[in-house]
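K.L.:
Mind looking over this structure? Questions follow.
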Amino acid sequence: MDAYARAVSLLPEDYRQALSMRDGSRAEELRLRRGRRPTLLSDAGERVFSERICTEKDLLCVLEKASGASLHAVADTLRQGYLCTGGVRIGVCGTLRGEGAEGGFLRFGSLALRIPRECRGIARELLPALRDNARGGTLILSPPGGGKTTFLRECIRCLSDGGLRVAAADERYELSGGEEEAFDLGGLTDLLCGCDKAQAVMLLLRCMNPQLIAMDEITRRQDLDAVREIAGCGVGILASAHAASPEQMRARPLYRELLREEIFSLAVCIEGSGEKRRYRLQAIG
Amino acid sequence: MRKVLGSVLILTGCAAAGYLLCAARRRRLQCLEALAAAVTAMEAELAGRAAPIPELAATLSERFDGPAGAFFRLLLSKLDRLGETPLYKLWSEAVRETLTDLTPDERAALCELGASLGRYPLDMQRQALALCRNALSDAAAAARRKEAEERRLIWAFSTASGVLLLILLL
């Protein structure tokens, strides 16, 4: 079962029937919002796939199925606004309980079922440059939903199969596609899943003797600190960040700091969406 | 000769009826004790590692025999319908279908537990588990006390009714 089929299988029966397998080739997300009609997001935009208004019961149905009726078992990730099942990441919105309470939601408002993809060959053209910079730092940049994780996954696979020992920190199971490791990350890749990124990076550095460490989304100060630690150790870094370009990164204090330290010398900027997506190399300096 | 044989058959029949009544009470007691132990095990699994419900059902179906084991096995097989049918309904169905020796009140206590499982924060689930465990333990203690008294009563009644039947027929 591919990721799209897995995502669809989590929906209530009538929504499942409203979606055809044909939709799957371009689907990026399935979105359910309480009080609204459900939509499918693809490179062509967001379109309604059923006229039936989504209720909170529908949201609970998806969450119950996704968590095996065990929201307590996914409370940690739910507190951060998502849960993962079979490689599908479900973003969760709604009303949270008061601070300090067990990670539950008082009410669920909307769900975004993100469908991961394996796009073989998308890194082919940039691979020589990435390989040359394997001992340095490479950043993959795009706005949210731009395909950073897909590209990062493909880079890991290619570099690993090309003979590089890669260690990947996969906090949200998005690189591996879940505990079943649905995606091929190459023969020489060591994967640490479900662990805080910053912590995972340090563990991988100490324990796995990597030549390149890969991590998805540098977003917090802790991630930046972990990147700093790796930088001086002769190990390459391949990471992604939310920004359209290095210039745009400078607008955020955290990223400004990251650029100032010159840890990353190369950026891959992802532009466009769907089949029109382009990958542009840019030196950072 | 026929009279002797008939008398033996009547007495044996009455004793068997008494034995079956006692066995039903013993079965209920064993079921209550096993369920109380299973609920305690669930509490531990949830507190220790926040185990997901399907994993819990699988573990407990292997650990327990008899009606408690049958209950968790049936629940596990019903979990395929999750999403279409909420957990509390699947749980109640399994309670109704497997725990037939329990009284309606005891079954209601278990169904109430099913309504709290999986959906609420861990501390609330643990409270529900503790409530259910107490209800089952209290019911088991009461059943244990009553069983000794009732056993004597049932044996006496069944033997006496056998003898009475013999006197009437002879």
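The values are calculated or read from the model by the stated rules, or taken from the named source; none is laboratory data. All of these numbers come straight from a predicted model, not from anything done at the bench. Quick reminder, even Gly has a Cβ in these numbers, built from the backbone with ideal geometry, and neighbours come from all protein chains shown.
K.L.:
Filter the stretch A:44-83 for residues that are surrounded by 21 or more Cβ atoms within 10 Å (Cβ to Cβ) and away from chain B (no Cβ under 13 Å) and give the result.
P.N.:
A:C54
K.L.:
Exactly one of these conditions fails for A:C195: (1) under 19 Å from A:T77 (Cβ atoms); (2) within 12 Å of the chain's Cα centre (by Cα). Give me its number.
P.N.:
Here A:C195 meets the rest and fails (2).
K.L.:
Looking only at the stretch B:118-133, which residues are facing chain A (nearest Cβ under 7 Å) and in contact (Cβ under 8 Å) with a residue 12 or more places away in the chain?
P.N.:
Answer for the stretch B:118-133, where residues must be facing chain A (nearest Cβ under 7 Å) and in contact (Cβ under 8 Å) with a residue 12 or more places away in the chain: B:G118, B:R119, B:L122, B:Q125.
K.L.:
Pick from the stretch A:109-129 the residues that are in contact (Cβ under 8 Å) with a residue 40 or more places away in the chain and under 17 Å from A:D43 (Cα atoms): which of them is surrounded by the fewest Cβ atoms within 10 Å (Cβ to Cβ)?
P.N.:
If we take residues in the stretch A:109-129 being in contact (Cβ under 8 Å) with a residue 40 or more places away in the chain and under 17 Å from A:D43 (Cα atoms), then A:E118 is surrounded by the fewest Cβ atoms within 10 Å (Cβ to Cβ).
K.L.:
In addition: For the stretch A:110-127, indicate whether the set of residues that are assigned to a helix (DSSP H, G or I) and more than 30 Å from B:G114 (Cβ to Cβ) is non-empty.
P.N.:
Checking the stretch A:110-127: at least one residue is assigned to a helix (DSSP H, G or I) and more than 30 Å from B:G114 (Cβ to Cβ).
K.L.:
With the structure loaded, tell me whether A:R6 is within 19 Å of A:R172 (Cβ to Cβ) and out of contact with any helix residue (DSSP H, G or I) (no Cβ under 8 Å at 6 or more places or on another chain) or whether it fails that test.
P.N.:
yes
K.L.:
If you take the residues in the stretch B:26-51 that are more than 17 Å from the chain's Cα centre (by Cα) and free of Cβ contacts under 8 Å to residues at least 60 places away in the same chain, which one is surrounded by the fewest Cβ atoms within 10 Å (Cβ to Cβ)?
P.N.:
The extreme case among them is B:G48.
K.L.:
Considering only the stretch A:207-230, I want to know if a residue exists there that is in contact with a Pro (Cβ under 6 Å, 6 or more places away or on another chain), at pLDDT 85 or above and crowded, with 17+ Cβ neighbours inside 10 Å. Please lay out each step first, then the result.
P.N.:
Pass one, the stretch A:207-230, residues in contact with a Pro (Cβ under 6 Å, 6 or more places away or on another chain): none.
Among the residues of the stretch A:207-230, not one is in contact with a Pro (Cβ under 6 Å, 6 or more places away or on another chain), at pLDDT 85 or above and crowded, with 17+ Cβ neighbours inside 10 Å, which makes the answer no.
K.L.:
Here's something else I'd like to know. For B:A142, all conditions in the list (1) surrounded by fewer than 20 Cβ atoms within 10 Å (Cβ to Cβ); (2) under 28 Å from A:A75 (Cα atoms); (3) away from chain A (no Cβ under 14 Å) hold save one; what is the number of the exception?
P.N.:
Unmet condition: (2).
K.L.:
Turning to a different aspect of this structure: Test each condition in (1) within 27 Å of B:A130 (Cα to Cα); (2) surrounded by fewer than 20 Cβ atoms within 10 Å (Cβ to Cβ); (3) of a type in the set (S, T, Y) for B:T12 and report the one that comes out false.
P.N.:
Failed condition: (1).
K.L.:
Is it the case that some residue within the stretch A:181-202 is touching a residue at least 60 places away in the same chain (Cβ under 8 Å) and out of contact with any helix residue (DSSP H, G or I) (no Cβ under 9 Å at 6 or more places or on another chain)?
P.N.:
No.
K.L.:
Quick one: which of A:L130, A:L175 is more than 20 Å from A:A244 (Cα to Cα) and of a type in the set (A, V, I, L, M)?
P.N.:
A:L175
K.L.:
Right, another one. Could you check how many residues of the stretch B:145-170 are of a type in the set (D, E) and surrounded by 14 or more Cβ atoms within 10 Å (Cβ to Cβ)?
P.N.:
2
K.L.:
Let me ask something else. Among (1) more than 18 Å from the chain's Cα centre (by Cα); (2) acidic (D, E); (3) within 12 Å of A:L111 (Cβ to Cβ), which single condition is A:E29 missing?
P.N.:
(1)
K.L.:
May I ask you to say which residue of A:L152, A:L164, A:L141, A:L175 is assigned to a loop (DSSP other than H, G, I, E, B), under 14 Å from the mean Cα position of the chain (by Cα) and not charged (D, E, K, R)? Steps first, answer last, please.
P.N.:
Working: A:L152 fails: assigned to a loop (DSSP other than H, G, I, E, B); A:L164 fails: under 14 Å from the mean Cα position of the chain (by Cα); A:L141 fails: assigned to a loop (DSSP other than H, G, I, E, B).
Residue meeting the stated conditions: A:L175.
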